[in-house]
Amino acid sequence: MPTLTVNGKEVTVEPGTTVLQACEEAGQEIPRFCYHERLSIAGNCRMCLVEMEKSPKPIASCAMPAADGMVIHTDTETVKKAREGVMEFLLINHPLDCPICDQGGECDLQDQAMFYGRGANRFGENKRAVAEKHMGPLIKTIMTRCIHCTRCIRFAEEVAGVPELGAIYRGENMQITTYLEKTLDSELSANVIDLCPVGALTSRPYAFTARSWELTKTESIDVMDALGSNIRVDARGNEVMRVLPRLHDDINEEWISDKTRYACDGLKARRLDRPYVRKGGKLTEASWDEAFAAVADGLKGRQGSEIAGLVGDLADLEAMTALKDLLAGLGSDRVECRVNGAALEAGVRASYLFNSGIAGIDEADAILLIGTNPRWEAAVLNARIRAGVVHRGVKVANVGPVIDLTYPVAQLGDDAAVLNDLGDFAEVLKSAERPMLILGQGALTGENGAAVLGAARKIAEFCGLIKDGWNGFNVLHTAASRVGALDLGLTTEGGVSGILENSKAVFNLGADDIDSSSLADCFTIYIGSHGDEGVRHADVILPAAAYTEKSGTYINTEGRVQLAQKAVFPPGDAREDWTILRALSERLGKKLPYDSLAELRRRMVEALPHLTALDDVPAVEWGDFGGNGPVKSGPFKLPIENFYFTNPIARASQTMAECSAAKFGDKEQATGTDG
């Protein structure tokens, strides 16, 4: 391993480390614009210049591999003068619009100009101006500010896998643009806003709404998919202004999907902010007392076997625990979380987890996709698969519809019966050191679901996916609540259709992705945050908090326990879900045995001891699960038809509607509030 000297301090680094990284290991900060840890090296901004002994001129530390015996100086007069010169060149054409730039206060150029600039500009000629570019409803462009660092180009090409962004012309006439002047066709496109070190690419929905120093910043967890991406919720007063990514190498690295970032404006639209009771066939506003009285009247005389519960995709573990306990008090154990009809089993935990962990994709050398479109179901996870394909030559095969996943895929056919015999790809899996399969929700729904689950287990066992230190059997969920609900055992005989057909009273905990017409003749209590499908036939509506308005526990698709934090208060009379159920239980004479969040969480830990291991991927035992018969022939139906409209919050979002219109045309999305 090379050992070099940085400002008189010896440091030993791994082979392949750059001088810039070596300097940082030695505790020296090196300015940079083009360099980024997760992108290829461009070496075109020259801000990272350092002095190397025996070199005739300063070197670009980001592009120079560290070598044994190097002697580096980062704070000499030569380095200072070189950086001042580079900064002066970068600012030659930069407009002086800091007071009105959305990047102000969070701008790398601003910060580094203050620290490394010379404080004056000797350029007296006319400045260059560049026409604005169209990059869709999410990215606002002011390309006169661009310093040609090319981070955005490299991200689009290397991470997102959408080579639609590039540079045209040369020299000072160079411009960054989409080649066809159209919206970037990527579910990760808005990450270029975070990458841009100047104000050239900023957030269009957030433009001119707030300054960074006005915002209260809360670290939380995303619920738009089942990954549990780490996010930061920025709020002003009681309004969520924006959502940004947080660094978590094992889950989302430092990226988030466009839906995670921009669906937050749906938190303000179609909100349920007061209770409603159906009187004479029409929903009318009511007080909490009136709503609870209506629930008590509707449940009067009902047997426990006639009462059931449905759990939606965004429910937190606290609410699900309270619902399960309330129904148990009413004599019912019929609570169903598999609202998509997936043939998942709650008994064997390994049967419904992403067992290798999301970071395990970085070790995999062969991947079989079954009935899934990870590009829409988990966009950040799909970027990890793409990185493996591009950088390590991972072989990927797909059983399901032909889709563009941004990387080459061997198509085995859109027929579930392929799972009975994988042909040559079975040998690929057997010969791989770290093989994995990813089983999607599209493969688990329908009459073939149980057989597909069993066939996937047999493939895992037969092809060597289960071995010491490695479990390559992975289920990719689409709902943030699903793993926690399965841990609680919220499944019933007959599934969601059995609940809808055989119940006379149903507690609907935010389940909006169902056909609620089946509830038309059933007494329905809806507990949720938005006026979506679930309220269409509700008899009582109890307004609940959204994910940014409560402290909640979520378990992601790999079984990792994470805590979402309260960033703002719920609107109007809305309350946290578990507190609604706790108050209702007292009114029904079945008082729940906890009065605070701490007491409820102690109850949760009693039921699920693994909740104490926060942010850990659990090691679970393998077992027998799934059907034993052959898989019948037939195509898979993928669960997501529109990436931008997968839950009530996203469907209420104007920004998501604009994205959907840009991608799919001006097709209006029907919601539960449409009559």
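Could you work out the percent of alpha carbon pairs in the stretch 563-636 separated by over 18 Å, rounded to a whole number? Could you put the intermediate results ahead of the total?
On the way: 1789 of 2701 pairs.
Result: 66 percent of Cα pairs exceed 18 Å.
Give me the accessible area of residue 204, 1.4 Å probe, in Å² rounded to the nearest 10. We get 100 Å² for residue 204.
For the stretch 158-218 and the stretch 566-584, what is the separation of their C-alpha centers, rounded to whole Å? What the calculation gives is 37 Å, centre to centre.
Which percent, nearest 5, of DSSP beta bridges in the stretch 508-657 are antiparallel?
Numbers: 4 of 12 bridges.
Just about 35 percent of them are antiparallel.
Relative to the longest principal axis of the Cα atoms of the chain, the long axis of helix 317-329 lies at roughly 10 degrees.
With a simple spin-label model that places each label point 7 Å from the Cα along the Cα-to-Cβ direction, the separation between residue 622 and residue 586 comes to 5.1 nm.
At a probe radius of 1.4 angstrom, the accessible area of the stretch 88-141 per residue rounds to 59 square angstrom.
Can you sort 470, 622, 376 by 1.4 Å-probe accessible area, starting with the largest? Let's see the in-between values first.
Working: 470 15, 622 70, 376 45 Å².
From most accessible down to least: 622, 376, 470.
Would you mind classifying the stretch 248-328 by shape? Square roots of the alpha carbon gyration tensor eigenvalues, ordered a ≥ b ≥ c; an a/c under 1.5 is rounded, otherwise it is prolate if a/b is larger than b/c and oblate if not. Oblate shape, in that a/c is at least 1.5 and b/c is the bigger or equal ratio.
Three principal axis extents describe the C-alpha atoms of the stretch 467-512; from largest down they are 49, 21, 16 Å.
Ligands, DNA and RNA excluded, the heavy atoms of residue 148 present near 40 Å² of accessible surface to a 1.4 Å solvent probe. Expressed as a whole percent, the accessible surface of the stretch 373-515 that belongs to carbon and sulfur atoms is 48, based on a 1.4 Å probe.
In whole percent, what relative contact order does the chain give with Cα contacts below 8 Å and a gap of six or more residues? Present the calculation step by step, with values, prior to reporting the outcome.
Details: 1457 pairs, mean separation 98.8, N = 675.
Relative contact order here is 15 percent.
Once the Cα atoms of helix 577-587 and of the chain are each reduced to a long axis, what angle between those two axes, in degrees from 0 to 90 to the nearest 10, is obtained? Relative to the chain, helix 577-587 is tipped by roughly 20 degrees. Using the alpha carbons alone, the radius of gyration of the stretch 515-620 stands to its Kirkwood radius in an Rg to Rh ratio of 1.02. The shape of the stretch 599-660 comes out oblate: with a ≥ b ≥ c from the C-alpha gyration tensor, a/c is at least 1.5 while a/b does not beat b/c.
For GluC sites (Glu not before Pro), the sites in the stretch 566-630 that DSSP calls loop and that have at most 10 other Cβ atoms within 10 Å are 621. In loop segments of the stretch 12-92 as defined by DSSP, the GluC sites (Glu not before Pro) with at most 15 further C-beta atoms inside 10 Å of their C-beta are 29, 37, 53. Of the three principal axes defined by the Cα atoms of the chain, the extents in descending order read 90, 58, 47 Å. Working from Cα positions, state the angle (0 to 90°, nearest 10) between the long axis of helix 288-299 and the longest principal axis of the chain. Helix 288-299 sits at roughly 50 degrees to that axis.
Against the criterion of solvent-accessible heavy-atom surface with a 1.4 angstrom probe, 523, 462 sort, most first, into 462, 523.
Tell me, what is the per residue accessible area of the stretch 221-273 in Å², probe radius 1.4 Å? Display every interim value, and only then the final one.
Values: 1450 Å² over 53 residues.
Here the per-residue accessible area is 27 Å².
Before I look further, what does the stretch 481-581 give for accessible area per residue, probe 1.4 Å, in whole square angstrom? Before the final figure, lay out the partial values.
Working: 2670 Å² over 101 residues.
Value for the stretch 481-581: 26 Å² per residue.
Put simply, the amide H of residue 49, placed in the peptide plane, has neighbours under 5 Å in 61, leaving out anything fewer than 5 places away on its chain. Taking all protein chains together and rolling a 1.4 Å probe, residue 211 ends up with roughly 50 Å² accessible.
Once neighbouring chains are kept in place and the probe is 1.4 Å, which whole percent of the accessible area of the stretch 70-189 is contributed by carbon and sulfur? Could you put the intermediate results ahead of the total?
On the way: 3390 of 6010 Å².
Of the solvent-accessible surface of the stretch 70-189, carbon and sulfur hold 56 percent.
Couplings 3J(HN,Hα) of the stretch 256-270, computed from phi: 9, 6, 4, 5, 4, 6, 10, 6, 5, 5, x, 5, 9, 10, 6 Hz, in residue order, whole Hz [Karplus 6.51 cos²θ - 1.76 cosθ + 1.60, θ = phi - 60°; x for Gly and Pro].
Take every pair of alpha-carbon atoms less than 8 Å apart whose residues are at least six positions apart; their mean separation over the length of the stretch 1-83 yields a relative contact order of 36 percent.
Between the stretch 1-70 and the stretch 611-658, how many Å separate their Cα centres? Using only Cα atoms, the two centres lie 43 Å from each other.
Restricting to bridges with both residues inside the chain, how much of the DSSP beta-bridge set is antiparallel, in percent to the nearest 5? Bridges in the chain that DSSP calls antiparallel: roughly 55 percent. Summing charges over neighbours of residue 79, with a neighbour being any other residue whose Cβ is under 13 Å away from its Cβ, gives -1 when K and R count +1 and D and E count -1.
The values are calculated or read from the model by the stated rules, or taken from the named source; none is laboratory data. Owing to the predicted nature of the structure, the values given are computational and were not obtained by experimental measurement. Backbone-built Cβ (ideal geometry, glycine too); neighbour counts: all protein chains shown. Only protein heavy atoms, including side chains, enter the accessible area calculation; ligands, DNA and RNA are left aside. Shrake-Rupley method; radii C 1.70, N 1.55, O 1.52, S 1.80 Å.
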